[in-house]
Amino acid sequence: MSASDHLIPVVVSRVVEVNSIIKRFEFKHIHGNELPAFSGGAHIVVEMLDGPTKRKNAYSLMSSPFDRDQYAISVRRDDNGRGGSKFMHEKVEPGMRMNISAPVNLFALDLRARKHLMIAGGIGITPFIAQMTQASSLGVPFELHYAARSASQAAYMDSLQDRFGDHVRCYCDDAGGGPDLTALLSDQPLGTHVYVCGPKGMIEAVVQTATDLGWPAAHIHFEHFLSPPVGKAFSVHLAKAGIDITVGPEQSLLEAIEASGTPVKCLCRGGACGQCETKVVTCDGDIAHNDHWLDDDQRASKQFIMPCVSRFSGKRLELDL
Amino acid sequence: MTIHFRNETFRNDFTYANSPGNIPRFPFPFPEDEYMYSTNVEPHHATRAGSPFEHAFDVDEHYVSEMKDRALVLADDPGRCQALPHMETAAWDFVELVMVSKARDYPDLFELTIDGDRWHWINKPLQIDDTFVFGDSSTLPCHPMEYIGRQVQGDHAILDQRDGNLWMDAGIITAQADWSLDFDIGMNFFEWHAPVPLAHELGVFQRALKFLLSLPQGQPSRRLNWTLTVNPRLDTSPENYPKWGPDKLTVNPGNIGEKVHLRVELQTFWRLPRSNAILFPIRTYLMAMNEVVTQPKWGRRLHRVMRDLRPELVEYKGLSRYHPMLVDWLAQFDDGAPTSPGIFPD
Amino acid sequence: MSESLIEESILSRPKYGQLAIAPGLAHYFVADASGAECVIRVAQTAPKGFMEKVHILYVPTPGENALITALYALGAKRFEHVPTIDAAIARLGDWLSESKMGSQLYLAGTEGLIGRAVAKGEECGLDHTAVQCEHRGSLARRVQCVHCKTMIEKVTTQPVKCPSCDLLLLVRDHYSRRLAAFQGVCINAEDPTEEVEIREVFK
């Protein structure tokens with residue numbers, strides 16, 4: 001059972017070019033019904049029907065968690081990916097009907113925090129916009145440090161500074177670089193939680209710096225925007241279902257399993273949450289483990305795979321599904 | 001729909017009973033002739049009209065009396081209703097879920113009118129007519145969790161989701177099968193289940209937690225849990241153990257039928273939207289042995305389940321003092337005939 | 001004094017380890033009685049410059065001054081000894097209210113001290129998973145009577161009589177981190193005439 005089993009029919013109410021690489025998409029329910037409330041940091045799964053290909057990509061909700069009339073997401077165009085963002089940029093227009101899942105949150109604020117310290121890089125800003133709206137209404141101290149390559153690429157920087165004033169600090173790579181993480185993380189009151197979302201390197205730097213300074217893991221939160229990578233097509237045998245499926249080059253193994261009608265659990269669709277962990281019955285070949293979930297031993301054993309982001313090459317792969 | 005609400009007690013004179021029409025809808029917890037723990041969860045869809053599984057929050061003939069008993073428990077021990085400070089958003093999610101569900105499912109009994117954030121709630125059986133601002137606790141007579149908790153049958157725990165675990169950080173618990181909210185509040189999923197024998201080794205809780213952590217909005221689930229209680233007493237808390245403990249010695253072969261009750265918990269699980277917490281209602285149904293055995297299938301099956309129940313479970317569920325007597329008494333209702341699968345009577 | 005002899009039990013019963021230096025900007029050590037030995041052990045293997053970041057709070061056993069002297073000699077940035085656990089917990093709260101993220105908390109000694117310090121840490125914003133605990137000395141327990149909610153300190157017997165409501169309580173292994181106490185439930189509620197032998201078991 002997963003959120004993307006029960007979809008909400010929506011219409012694209014607006015498409016806004018935020019800058020040269022980012023577009024914002026706004027959705028309303030096709031019958032004007034209220035959309036589900038959610039918590040800051042939540043994402044929706046957007047179903048994309050691109051000819052014969054059905055993709056399901058997760059995007060953070062940036063709209064206010066209190067706005068039940070519409071949802072907003074921002075998508076950064078990535079021409080090297082599997083085509084999801086390209087589809088959104090090129091094919092999605094106002095008036096178009098789409099299906100989305102109810103919101104799911106794997107990057108929620110810890111409501112016990114005495115202060116929320118948010119560190120965003122590039123398109124990683126999106127979940128924080130919803131979170132700041134929430135933190136602001138709860139009256140809890142928060143601070144955003146937002147780094148982007150350049151002012152022209154820094155989506156929403158101006159509007160965030162207008163809305164949240166002193167709570168927001170912005171950094172452009174081409175004008176001095178990002179925040180001094182050691183200084184920043186050495187000077188936070190006890191009870192602060194840090195949240196980071198952005199490029200892999202930035203996440204690793206924040207997590208490592210915080211850990212080295214003595215922050216407990218329970219106070220460090222991060223979300224990767226990980227899309228299933230593309231690769232060569234491959235076949236898989238689903239042992240319980242007794243069927244063979246083919247995974248297309250731009251299709252994830254998870255999507256191929258779903259398309260076959262075989263039940264499979266999933267949640268984040270980005271290799272982080274562990275829900276889709278599947279046992280491998282036979283592996284005669286190599287598994288490309290693209291997730292953040294399995295440990296080194298599990299990967300080496302070839303007895304586990306995360307179908308949402310991982311791929312296979314070789315003679316035979318059989319899964320316990 | 002008309003429900004005739006009974007006026008009955010769950011303490012002292014114990015006037016509680018089920019109307020004959022209410023017996024076949026009882027959520028008998030055994031789908032087969034033996035019992036062992038499992039993560040026996042299924043989607044909480046509307047199934048089987050007239051049953052406790054039809055509506056989100058089942059209202060039955062005991063509603064008004066149960067809420068009176070809750071009020072008595074809380075007057076005596078306010079610590080049965082506690083919420084850690086960060087759980088206020090979740091409490092409001094709980095208010096919304098119950099009010100929207102009840103107004104939808106029982107429009108003759110409950111009415112909800114929403115105008116922006118001004119809410120108008122009418123609860124006819126309890127004669128409540130209130131207006132308040134959603135999200136503003138100062139516009140309610142008490143904490144939102146307590147406010148709605150006093151109007152919905154069953155205990156309710158609200159679980160905060162963080163660090164890959166669930167934390168029992170709020171609850172209104174007045175009809176529990178022997179656990180203390182005041183003691184357990186703040187514990188995580190494995191900690192509050194620590195006293196349950198056998199289940200940990202079987203991996204029951206690991207699987208249950210994994211399932212709950214991924215529970216999506218709008219897709220609630222349910223399962224049944226059970227024990228036995230002597231007298232139809234809802235408040236079998238550890239706090240009041242000196243009050244109900246001695247009841248176990250009053251059971252004899254002549255009074256088993258009226259004294260020993262099958263106590264079933266219909267547990268449901270809901271993802272709450274604004275807080276991302278999990279609401280965990282524990283709705284208790286009580287039925288005396290005399291009432292249970294009016295359904296031949298249940299009489300046969302209950303005998304078999306009780307006869308073959310593992311000793312660790314007899315002990316943990318607190319049945320030791322009268323278990324052998326109960327098995328003997330139930331034998332008369334078991335002619336050895338086969339029983340149909342599933343929980344409902346034939 | 002003996003090493004810890006806590007038996008394997010149910011999941012909610014706390015387990016303790018061995019203190020080891022963790023990375024951090026400030027290091028707070030709280031100990032009572034023979035727990036001081038753990039602090040001394042850690043300090044002796046600490047890298048240069050470590051003690052400048054160390055704050056020590058100690059509740060000595062009355063009359064035993066050698067450990068006070070030994071702790072003082074470690075040369076920590078701050079060292080205080082106080083007569084009671086209550087005083088230590090209050091002082092810990094003062095120190096933590098001024099501290100920053102990157103503070104490590106190390107606890108050594110009796111369960112009563114450890115439990116209350118963990119709860120105080122949580123109250124001040126320090127997650128319990130980050131607190132290191134090493135048990136030393138007495139196994140006497142803090143017990144909450146589930147019936148009247150009285151907190152009973154230094155319980156050594158099984159069962160124990162509640163000083164407030166007089167019920168005879170089974171001292172369970174079920175433990176609340178928030179209350180820093182084990183649960184006490186009436187042991188003869190079903191048959192109050194039942195006599196139960198009281199034995200010294202938590203020493």
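Before moving on, here are some points about what is shown:
- Failed item, numbered, when A:Asp5 is tested on (1) surrounded by fewer than 19 Cβ atoms within 10 Å (Cβ to Cβ); (2) more than 30 Å from B:Asn165 (Cβ to Cβ): (2)
- Test: residue in region B:217-229 that is part of a loop (DSSP other than H, G, I, E, B), of a type outside the set (Ser, Thr, Tyr), under 20 Å from the mean Cα position of the chain (by Cα) and closer than 23 Å to C:Val185 by Cβ: no
- Residues located in region A:41-58, provided they are more than 13 Å from the chain's Cα centre (by Cα) and either part of a strand (DSSP E or B) or within 25 Å of B:Ala277 (Cβ to Cβ) (or both): A:Glu47, A:Met48, A:Leu49, A:Asp50, A:Thr53, A:Lys54, A:Arg55
- Residues that are under 19 Å from A:Thr278 (Cα atoms) and crowded, with 19+ Cβ neighbours inside 10 Å within region A:209-233 comprise A:Ser227, A:Pro228, listed in sequence order.
- Helices (runs of 4 or more DSSP H) lying entirely in region B:285-326 (those with 1 or more residues that are touching an Asp or Glu at 6+ places or on another chain (Cβ under 6 Å)): B:289-292, B:296-307
- Residue match in region B:112-126 (condition: under 25 Å from B:Thr47 (Cα atoms), touching a helix residue (DSSP H, G or I) at 6+ places or on another chain (Cβ under 7 Å) and not in a loop (DSSP other than H, G, I, E, B)): yes
- Answer residue from region A:178-192, given it is out of contact with any Ser or Thr (no Cβ under 8 Å at 6 or more places or on another chain) and more than 9 Å from every other protein chain (Cβ to nearest Cβ) and is nearest to A:Ala218 (Cα to Cα) among those: A:Leu184
- Taking the criterion of being under 17 Å from C:His27 (Cβ atoms) and away from chain A (no Cβ under 14 Å), the residues of region C:77-104 that qualify are C:Lys77, C:Arg78, C:Phe79, C:Glu80, C:Ala88, C:Arg91.
- Matching residues in region B:279-307 - criterion: being among the small types (Gly, Ala, Ser) and either under 30 Å from B:Met168 (Cα atoms) or in contact with a strand residue (DSSP E or B) (Cβ under 9 Å, 6 or more places away or on another chain) (or both): B:Ala288
- Picking from residues in region B:85-125 that are within 24 Å of the chain's Cα centre (by Cα) and among the small types (Gly, Ala, Ser), the one that is nearest to the other protein chains (Cβ to nearest Cβ) is B:Ala90.
- Out of B:Lys124, B:Lys102, sole residue that is at pLDDT 95 or above, surrounded by fewer than 20 Cβ atoms within 10 Å (Cβ to Cβ) and not aliphatic (A, V, I, L, M): B:Lys124
- Within region C:176-193, residues that are more than 7 Å from every other protein chain (Cβ to nearest Cβ) and within 30 Å of C:Ala119 (Cα to Cα) reach partners that are buried (at least 20 other Cβ atoms within 10 Å of the Cβ) and hydroxyl-bearing (Ser, Thr, Tyr) with beta carbons closer than 9 Å, at six or more positions or on different chains, in the pairs C:Ala181/C:Tyr175; C:Phe182/C:Tyr175; C:Phe182/C:Ser176.
- Residues in region A:125-170 that are of a type in the set (D, E, K, R), within 21 Å of A:Pro65 (Cβ to Cβ) and assigned to a strand (DSSP E or B): A:Glu143 alone.
- Within the set A:Thr246, A:Thr262, the sole residue that is at pLDDT 90 or above, of a type in the set (Val, Ile, Thr) and in a strand (DSSP E or B) turns out to be A:Thr246.
- Region A:86-115: number of residues that are of a type outside the set (A, V, I, L, M), out of contact with any Pro (no Cβ under 7 Å at 6 or more places or on another chain) and over 24 Å from A:His29 (Cβ atoms): 4
- Residues satisfying the stated conditions in region A:109-124, i.e. in a loop (DSSP other than H, G, I, E, B) and surrounded by fewer than 23 Cβ atoms within 10 Å (Cβ to Cβ): A:Asp110, A:Arg112, A:Ala113, A:Arg114
- Residue selection: C:Gly35 fails the criterion of being buried (at least 22 other Cβ atoms within 10 Å of the Cβ), within 26 Å of C:Arg172 (Cβ to Cβ) and within 13 Å of chain A (Cβ to nearest Cβ).
- Check on A:Tyr146, surrounded by 23 or more Cβ atoms within 10 Å (Cβ to Cβ) and within 14 Å of another protein chain (Cβ to nearest Cβ): no
- For region A:67-86, residues that are at pLDDT 95 or above, outside any strand (DSSP E or B) and not polar (S, T, N, Q) total 3.
- Considering residues of region C:162-174 that are over 16 Å from B:Trp179 (Cβ atoms) and buried (at least 16 other Cβ atoms within 10 Å of the Cβ) only, the residue nearest to the chain's Cα centre (by Cα): C:Val171
- Where a residue in region B:239-268 is more than 18 Å from B:Asp178 (Cα to Cα) and polar (S, T, N, Q) and its partner, wherever it lies, is part of a helix (DSSP H, G or I) and modelled with pLDDT of 95 or more, with Cβ under 9 Å and at least six apart: B:Thr250/B:Lys259; B:Asn252/B:Lys259; B:Asn252/B:Met325
- Of the numbered criteria (1) crowded, with 17+ Cβ neighbours inside 10 Å; (2) away from every other protein chain (no Cβ under 14 Å); (3) touching a Lys or Arg at 6+ places or on another chain (Cβ under 7 Å); (4) part of a helix (DSSP H, G or I), the one C:Glu52 fails is (1).
- Among residues of region B:189-210 being more than 9 Å from chain C (Cβ to nearest Cβ) and farther than 25 Å from B:Leu262 by Cα, the one that is surrounded by the fewest Cβ atoms within 10 Å (Cβ to Cβ) is B:Glu201.
The values are calculated or read from the model by the stated rules, or taken from the named source; none is laboratory data. None of these values were measured; they are calculated from a predicted model. Here Cβ is always computed from backbone atoms with ideal geometry, including for glycine, and neighbour counts include all displayed protein chains.
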